[in-house]
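Here's the structure, in structure tokens; my notes come after.
Please treat every number below as a calculation from the coordinates, not as lab data. Given the structure is predicted, the values throughout are model-derived calculations rather than measurements. Counting neighbours? That spans all protein chains shown, and the Cβs are built from the backbone with ideal geometry, glycine included.
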């Protein structure tokens, strides 16, 4: 664990435990650095990280202070139940779902509107970086070793292990679950056991499993509005009524959350606004869930791709018994991989596994074994570092291009994270901007209102742009087409 991570984690624990109370002024960065015997830059970066998370606030000329309401509500620690291995075999079933930002049937039909079919798809561009940037030879090597029974599992001493050809454990390959637990600690500072992890065939299958599980006890689920339509659509198709909760520039308002009901949320990087839920709101939501006994489904779809500072610790770290974390490798690897995971409270794991078994929701075993090796060899960590550098450069370019749009200067809003951003205009969305019409102008881009359940909630509308798979030339061309589209609709 790096020094910045150590310092920020120590301060975060002190704030959440109440040792550093709200309103307390922290030492100057130079003084604390001397006390801890680290460089001043380490302390400065740790302070900036906690400011971004909402634990600290800097006051010009006064110093850095702890934000009121950042302390965790006191609660009794529950002893973890005994763990036991779980294995099973059964028949397969396949559930397919598009990656966030991935192409839809509607998106594909748009391509007929632009001469020659050359449509710049900002919606689909948030799915991943260009395929040519993925380390294909390294992945092929891991797949080849897995197919030959060379799993890399400690203690096998060169023996062949062909478990990738079997159904394996219903919870998922043991080596991959262990690798994910280590990965979550390195990337997000989150501690969990491999026995709390369930491997799924992507986030769509994870949502299907959770929706079927929740339907047994609830008739509705609270969802952020706006939010990712395909994901909320899974819960709706399973018969759960959607209860939309408005989102502002700081994310979900805790006062709107009913702690007795399940909640689908994206605290680390709200989709589509990009808001980062601050510490006081996280604590308030966690407190409501504990008091009401509700369950939150935390969709942490790109938290490790925070472009400045360290990734924010998931809500799961604050309320481990009330939150199921849902993650996917579609963005950091490639969308076609179709591997994801759940991190569930131990009390729910067996029930979720029983339902997963009953619904025959299996994931590709061979790819699980290969992915475990890919992570263990440090290749995924390197991939994430590359993506963060690449996306940071593209986001900077987008900020420059947005400033030159008509009816601007437009600006990027939301947290610098992942492979999409929101572009807001000084006087609101340009007149006549309609997602359904943009393809005829050579691009596809959604708006906040097009992703909303209740468009009358009164939020400021903005354009959502994915950029991960687009190079500089395509981004510049895409903005030129957006500018021409806006100009053509000026009164």
Which value in nm describes the separation of the simple spin-label points at residue 246 and residue 136, placed 7 Å from the Cα toward the beta carbon?
4.9
Shape call for the range 296-400, from the Cα gyration tensor axes a ≥ b ≥ c (a/c under 1.5 means rounded, otherwise prolate when a/b beats b/c, else oblate), comes out oblate
For the range 181-262, count the residues as N, evaluate 2.2 N^0.38 Å, and divide the Cα radius of gyration by that value, please.
1.26
Send over the per residue convex hull volume for the range 270-340, Cα only, as a whole number of Å³.
102
Taking 8 Å as the Cα distance limit and 6 or more residues as the minimum spacing, I'd like the relative contact order of the range 436-491 as a percentage.
40
Among beta bridges assigned by DSSP with both residues in the chain, the antiparallel ones amount in percent, to the nearest 5, to 60
If packing is taken as the average count of other Cβ atoms within 10 Å, what order do 364-374, 268-278 fall into, highest mean first?
268-278, 364-374
The range 380-491: equivalent-ellipsoid semi-axes (sqrt of 5 x gyration tensor eigenvalues, Cα, Å)
25, 17, 13
For the chain, shape from the Cα gyration tensor axes a ≥ b ≥ c, cut at a/c of 1.5 then a/b versus b/c, turns out rounded
Give me the one-decimal nm value for the distance between modelled label points at residue 60 and residue 389, 7 Å along each residue's Cα-to-Cβ direction.
3.5
The range 451-491 and the range 282-311: distance between their alpha carbon centers, rounded to Å
28
Please tell me the relative contact order of the range 1-66 in percent, rounded to the nearest whole number, where contacts are Cα pairs under 8 Å and at least six residues apart.
40
Fewest first, what order do 357, 362 take by the number of other Cβ atoms within 10 Å?
357, 362
To the nearest 0.05, the calculated FRET efficiency linking residue 118 and residue 354 through their beta-carbon distance, R0 being 41 Å, is 0.25
In whole percents, the bins of 10 Å from zero upward hold the Cα-Cα pairs of the range 426-491 as 19, 51, 27, 3
How would the range 1-78 be classified by its alpha-carbon gyration tensor: rounded, prolate or oblate, with rounded meaning a/c under 1.5 and the a/b versus b/c comparison settling the rest?
oblate
Cα-based Rg of the range 312-359 normalised by 2.2 N^0.38 Å, two decimals
1.34
What nm value, rounded to one decimal, do you get for the distance between residue 382 and residue 161 when each label is placed 7 Å out toward the C-beta?
2.3
Cβ neighbours within 10 Å, averaged per peptide: list 218-224, 428-434 in order, most packed at the top.
218-224, 428-434
How high is the relative contact order of the chain, in percent, counting Cα pairs under 8 Å that sit 6 or more residues apart?
20
For the range 228-309, average projected area of the Cα convex hull in nm²:
5.7
